[in-house]
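Visitor: One structure, as structure tokens, below. Some questions next.
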Amino acid sequence: MDTELAADLTAEGAEEEVAFDPEEKELFQRAQPGDEQPYFIPESEDEPQGFVGAENPLPLDMSGSDFFPVQDRYRMGFPTWNRYVIGNPLNPYKLNVLKGDYPILPGSNTFFSLTAVSDSNFQARRKIIKVADPNATKLQTDTQQRQRFFITTDLFEDDGTFTPSPWFVRLTQGIEYRDQSDAVGYHDDYAFIEAFVDYRIAFLSEYGDQLNWRLGRQAFNADFRGFFYVDTQDMSRLFGTWNENKWQYNLMVIDPVQADPVTQLPGFYKERGQQVIGGNVFRRDVPWLGLNVMGGGWYVHDRGTGNAGFQAQHEVNVGYFELATEGVLGYGWNVSAAFIEAAGHDALNPVSKSAQNINAQFAALELTRPTDWYTPRFSIMYASGDGNPKGGTATGFDAAFDNPNFAGANVSYFGREQLQGKGNQIKNFNSFLPNLRNKFFDAVNFVNPGLLALTAGFDTTLTTRVNAFFNYNYFQFMNTASLEQAIVNAGGKPISIDKEIGQDITVGINFRPLIINNVTCNIGTTGFFQGRGFQDISGNNAVLFTHFVNMVLVY
């Protein structure tokens, strides 16, 4: 400020006492620390860079000291410059109070974040469905249009710049509209996908290791690739890190609710009839940098729902033990591998019609070799099968609720579609396991034919906006005795079923028009060529297919 102007203001102040009016749009301070009388300076016209949602209030202390304490450091103004673009509520990449960049209210330490997702899907497919006659099936071609909306709101303390928030609350609501040309027709559903509270119990080290407790409906994946359990369900979960985040661990109790039979969105109150208790431990950089290992143990008590049209209620108690690894193998190769052992007892198996002890295994291995634009993939998956349904020991592997990210499962026909045969459902959506049950309703079933899957494929980056993928899978049953028995149980004639399931081929592209992931589009086609064994189940040799278009918009 000009020295003469400051002197004039000081002289005027000496003749008349200046009173501060908090409604005035001016700031109040002394010209110099030694001055006895205050003077006014105009309020700054600089605006914060982002969408702040509320104005920065005037300081509470206007007593005339050398400086004024700012009540909200997040809403500080910046000089106007073409380098700075003022944010708006529709832009999630600029500072935005709706994305947790500013506190909800000036001077507070509580933040809010909003995420909105639109998931649009269209597919045309040919499939085989079971009919009333257990000796026959029906070949059906239909279309499906599905629209899902998800809105996630997070409320949390601190902005997480230096340490994670000590608590946060999340609520995710989902709405689905579905229109199918088959018997399902139009269907809509609303659900609370997530609703939980997360609380930090304690810091465990000076490196940020901490112990947290999360209670409510939440998403959880029990291993690296979703072989055992992947779902969003009601659970109590204790988790944390140790030794500079080199160790990670989870302990939980899961009490699932029943999902909608069409949309698969979780319901509100009706129990699924399954409880999962257990935990896992992850260790990073063992035995060398870039390779991570995991060990887990789980107890599953499952009796299913006993709904009409599905298996009768039966009680299963089974323990799962898993070892898995994921990361850098060496010489440019990456690896993902898992082994699971299941052991327990089924009081009355629906296929064998008798009590069964359980002893089943699962193993998977995938190798990839990323380059700058091209990544080939090779994998093998094994799930043991039951060769003697009446033998007293069930040896066909089944998972509690799998949803694998492996061997192109989300685009492969065999992986993504539900398959039916004579009198029975063979496998579920988003699963490779031929477990002869509906995983949304029925208890785990270890009297099943098992699986061997071989995969070769690649992912390639064509441009910064376009990625392409190709996937080839070969499938066969490990043993078909349980399938033959299931057909007889459904009232069908005894038949001999070959082990060969068939092969599927998938091609597609992933398009990101804005380069970022806020707008993505997947377009692809997958065809399933029936092998001799699946032709025995379906009664025809038609090529099954799915053509799909999926667009996701994220705010």
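The values are calculated or read from the model by the stated rules, or taken from the named source; none is laboratory data. Every value quoted in this text rests on a predicted model; they were computed, and no experiment measured them. We place every Cβ from the backbone using ideal geometry, glycine too, and count neighbours over all the protein chains shown. For accessibility, only protein heavy atoms count, side chains too; no ligands or nucleic acids. Shrake-Rupley method; radii C 1.70, N 1.55, O 1.52, S 1.80 Å.
Visitor: Which ³J(HN,Hα) values, rounded to whole Hz and listed in residue order, are derived for segment 383-395 from phi using the Karplus coefficients 6.51, -1.76 and 1.60 in 6.51 cos²θ - 1.76 cosθ + 1.60 with θ = phi - 60°, glycine and proline given as x?
Guide: 10, 4, x, 9, x, 9, x, 9, x, x, 10, 7, 10
Visitor: For segment 253-306, list log₁₀ I(q)/I(0) at each q in 0.15 Å⁻¹, using the Debye formula over Cα point scatterers of equal strength and ignoring solvent, two decimals each.
Guide: -0.61
Visitor: Further question on the same structure: Amide H neighbours of F528 under 5 Å, counting only residues 5+ apart in sequence or on other chains, H built in-plane at 1.01 Å?
Guide: Those lying under 5 Å, H to H, from F528 are L544, F545.
Visitor: Now for a different question. List the residues whose amide H sits under 5 Å from the amide H of D260, counting only those 5 or more places along or on another chain, with H placed 1.01 Å from N in the peptide plane.
Guide: Here the answer is L265, G267, since their amide H atoms fall under 5 Å of that of D260.
Visitor: Given the DSSP H assignment, sum -39500 (n - 2.57) over each helix run of at least 4 residues in the chain and divide by its residue total; what's the result at 222 nm in deg cm²/dmol, nearest 500?
Guide: -1500 deg cm²/dmol
Visitor: Also: So for the chain, taking the charge dipole from beta-carbon charges (+1 Lys/Arg, -1 Asp/Glu), which of W242, G457, I358 sits furthest toward the positive end?
Guide: I358
Visitor: In square angstrom, what is the accessible area per residue of the chain with a 1.4 angstrom probe?
Guide: Solvent-accessible surface per residue comes out at 47 Å².
Visitor: Heads up, I need the accessible area for D255: 1.4 angstrom probe, whole protein in place, Å², nearest 10.
Guide: 60 Å²
Visitor: Could you look at the chain and say what percent of its accessible area is carbon and sulfur, using a 1.4 Å probe and all protein chains?
Guide: About 58 percent, which is the carbon plus sulfur part of the accessible surface.
Visitor: Further question on the same structure: Taking a 24 Å limit on the Cα-Cα distance, which of the listed pairs K390/K493; K390/K427; K390/K422; K127/K390; K138/K427; K138/K390 fall beyond it?
Guide: Beyond 24 Å: K127/K390; K138/K390.
Visitor: With a point put 7 Å past each Cα toward its Cβ, work out how far E341 is from K138 in nm, to one decimal.
Guide: For E341 paired with K138, the spin-label model returns 4.6 nm.
Visitor: Where Rh is the Kirkwood radius over the Cα pairs of segment 190-325, the temperature 20 °C and the viscosity 1.002 mPa s, what D in µm²/s does Stokes-Einstein return?
Guide: So the translational diffusion coefficient is about 130 µm²/s.
Visitor: Just report the Cα centroid separation between segment 243-283 and segment 490-505, whole Å.
Guide: With segment 243-283 and segment 490-505 each reduced to a Cα centre, they are spaced 33 Å.
Visitor: What are the principal axis extents of the Cα atoms in segment 273-410, in Å, biggest first?
Guide: Over segment 273-410, Cα extents along the principal axes are 54, 27, 27 Å.
Visitor: If I stretch the segment between Q361 and S118 completely, what's the gain in nm (0.36 nm per residue apart, minus their alpha carbon distance), one decimal?
Guide: 83.6 nm
Visitor: For the chain, I need the span (max minus min coordinate) of the C-alpha atoms along each principal axis, in Å, sorted largest to smallest.
Guide: 112, 52, 43
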